[in-house]
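Only one structure is covered here, and it is reproduced in the block below.
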Amino acid sequence: MKFKNTHKDNEITDESVYKSRRKLLQAGLIGSAGILSSTSSLALTLPKPKHNAKFVIDELTTEKDATTYNNFYEFGLSKSAPSEKAGTMQTEPWTVDIGGLCAQQGPVDLEKLTTNFQLEERVYRMRCVEAWSMVIPWMGFKLADLVKFCKPLSSAKYVYFETLHDPKQMPRQNGGSIPWPYREGLRMDEAMNELTLMVVGMYGKKLPNQNGAPLRLIVPWKYGFKGIKSIVKIKFLDRQPVNSWQAIAANEYGFYANVNPNVDHPRWSQATERRITGGFSLFNSRIKTQMFNGYGDYVADMYKGMDLARYF
Amino acid sequence: MVKTPGLIKLMVFMLCLLPLGLLVYAGFQNNLTADPIEEILHRTGIWTLRFLLITLAMTPLKILTGSAHFIRNRRQLGLFTFFYASLHLITYVWLDLGLAWSHFFEDVLERPYITVGMLAWSLMLPMAFTSNKAMIKKLGKQWKRLHQTVYVVLGLGCLHFIWLVKSDLTEPLIYTGIGLSLLIFRIAHFYHGKRSTNQRPTNQKKAG
């Protein structure tokens, strides 16, 4: 898969373009994103191309499913709660507070980040720890760009993130069971990996509130809960932070949370997953989960020699 | 109404089919969330537990109200519990696992929540097969003992639910609480009946 730089986030693409693009993807014509500015009808009349496994990405999940079925516990525990309740969240203006072991300190306007860094569109598989998955076209900038902008000190070994804590806007934050705000973290090399994205859009549009607007993390080789939403704080640390799910149940959720079909959740298998594509899926039984969610070529080196059953 | 137990039974029968009807309707409306298999699993599972609790509430309701209608409908409620449990199992084995039997056996052996779920369904099987009048007659006192395993099924069903939720235990604990109350009622009534010289209601033999 290759990632082409494409467009700024004010360019809007409707779903029909994605649908025709999906056909191209299925035909193996293009690697991932990056044809938004070109028209695709011409390409479809070409002779049937040779199958090139390297550039085939799975069928996209429909925008409707990806934006109405997800976890965002700040708005409720059901999969429909985020899309039902997040609509009124205020995301403009939005600042991210940067701190910890870095030279760049204090709040930064999100707008400054999106104009400073090159936005890209990328189609990634998204594997939830609950054993379902989607394929989503995200839009964002590389976390690596942001890290460089923050000028971390050499003592900084981890990047730590926090979600907005505002029970008035996020009703479930009044309830217990999770210590708010939601927290996540990455090792520095994971943060600098070329796959790691700070996402501001999906399906060619601005990120909907329920999917973590206006700024969220996407780490495609890790379980979905690592993709912290509505980020307001980023800190550079010398010690490994405790992420929220680890705080809730350390025996079930680790810091790394790498997608791994060989290391089961203590209560359920991670060997397979139900792929959500949209359309009639009643007879789509489970598919095999891939090591590192299929992104081993990009990330496996970072974990060489590590016992992944222990550091799950 | 009192003279038409058949009509009441028919109405209960129709009501019991309602959750399935709504499920099928939602299916045709493409309204089973983005993950329909998960939704069917959840709905059939939750209705199994609800029907189990409704079934177990029949004897206490008979005791409290004195109306025999509750006992007359107990068998079909029990059978509907088994029906929804079977739909739940079929959804898991067929739709979810795609009949991958090795995966199924691994799950049953290695995932405690599936182990207890499977065990609960297996314990319902002999109860379902001995629910007709002939078997009640044939088994006599043993029938009652056999059908008391329904409380084991209840315990396993609640455990199944508790062990599968990701974080919030509120819902499974509500069901467990209701089930426990029903069990305590029966135990209390049993000892109360023993202490007083009154004979206990002999509803078990009239079941069906």
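For segment B:1-32: of the residues being part of a helix (DSSP H, G or I), of a type outside the set (Phe, Trp, Tyr) and within 14 Å of chain A (Cβ to nearest Cβ), which is surrounded by the most Cβ atoms within 10 Å (Cβ to Cβ)?
At the first step, the residues of segment B:1-32 found to be part of a helix (DSSP H, G or I) are B:5-28.
Subset that is of a type outside the set (Phe, Trp, Tyr): B:5-12, B:14-24, B:26-27.
This time we only want the ones that are within 14 Å of chain A (Cβ to nearest Cβ), so: B:23-24, B:26-27.
On the way: B:Leu23: 18, B:Val24: 11, B:Ala26: 16, B:Gly27: 15.
Filtering first and then ranking leaves B:Leu23.
If I ask for residues that are on the phi < 0 side of the Ramachandran plot, outside any helix (DSSP H, G or I) and out of contact with any Ser or Thr (no Cβ under 6 Å at 6 or more places or on another chain), which ones from segment B:115-168 would you list? Write out each step before concluding.
Quick first cut of segment B:115-168, residues on the phi < 0 side of the Ramachandran plot only: B:115-139, B:141-168.
Then keep just the ones that are outside any helix (DSSP H, G or I); that gives B:130-132, B:148-149, B:165-168.
Listed by number, the residues that qualify are B:Thr130, B:Ser131, B:Asn132, B:Gln148, B:Thr149, B:Val165, B:Lys166.
Cβ-Cβ contacts under 9 Å between residues 6 or more apart (or on different chains), taken from a first residue in segment A:90-114 that is closer than 14 Å to A:Phe161 by Cβ to a second residue that is small (Gly, Ala, Ser) and surrounded by fewer than 12 Cβ atoms within 10 Å (Cβ to Cβ), are listed as A:Asp97/A:Gly106; A:Ile98/A:Gly106; A:Gly99/A:Gly106. Taking segment B:33-67 as the range and being within 14 Å of chain A (Cβ to nearest Cβ) and closer than 15 Å to B:His88 by Cβ as the test, the residues that pass are B:Pro36, B:Ile37, B:Glu38, B:Glu39, B:Ile40, B:Leu41, B:His42, B:Arg43, B:Thr44, B:Ile46. Residues in segment A:270-294 that are part of a loop (DSSP other than H, G, I, E, B), within 21 Å of A:Val219 (Cα to Cα) and out of contact with any Pro (no Cβ under 6 Å at 6 or more places or on another chain): A:Ile276, A:Thr277, A:Gln290. If only residues of segment A:69-85 that are assigned to a loop (DSSP other than H, G, I, E, B) and among the small types (Gly, Ala, Ser) are counted, the one that is modelled with the highest pLDDT is A:Ser80.
Taking segment B:106-159 as the range and being touching a residue at least 60 places away in the same chain (Cβ under 8 Å), of a type in the set (D, E, K, R) and surrounded by 13 or more Cβ atoms within 10 Å (Cβ to Cβ) as the test, only B:Lys144 passes. Scanning segment A:138-150 for residues that are in contact with a strand residue (DSSP E or B) (Cβ under 8 Å, 6 or more places away or on another chain), crowded, with 21+ Cβ neighbours inside 10 Å, within 13 Å of chain B (Cβ to nearest Cβ) and within 28 Å of A:Pro171 (Cβ to Cβ) turns up nothing. If we keep just the residues of segment A:227-281 that are at the interface with another protein chain (Cβ under 10 Å from one of its Cβ atoms) and either among the acidic types (Asp, Glu) or in contact with a Cys (Cβ under 9 Å, 6 or more places away or on another chain) (or both), which is nearest to A:Gly87 (Cα to Cα)? That would be A:Glu252.
The values are calculated or read from the model by the stated rules, or taken from the named source; none is laboratory data. Since we're looking at a predicted model, the values are computed, not measured. Quick reminder, even Gly has a Cβ in these numbers, built from the backbone with ideal geometry, and neighbours come from all protein chains shown.
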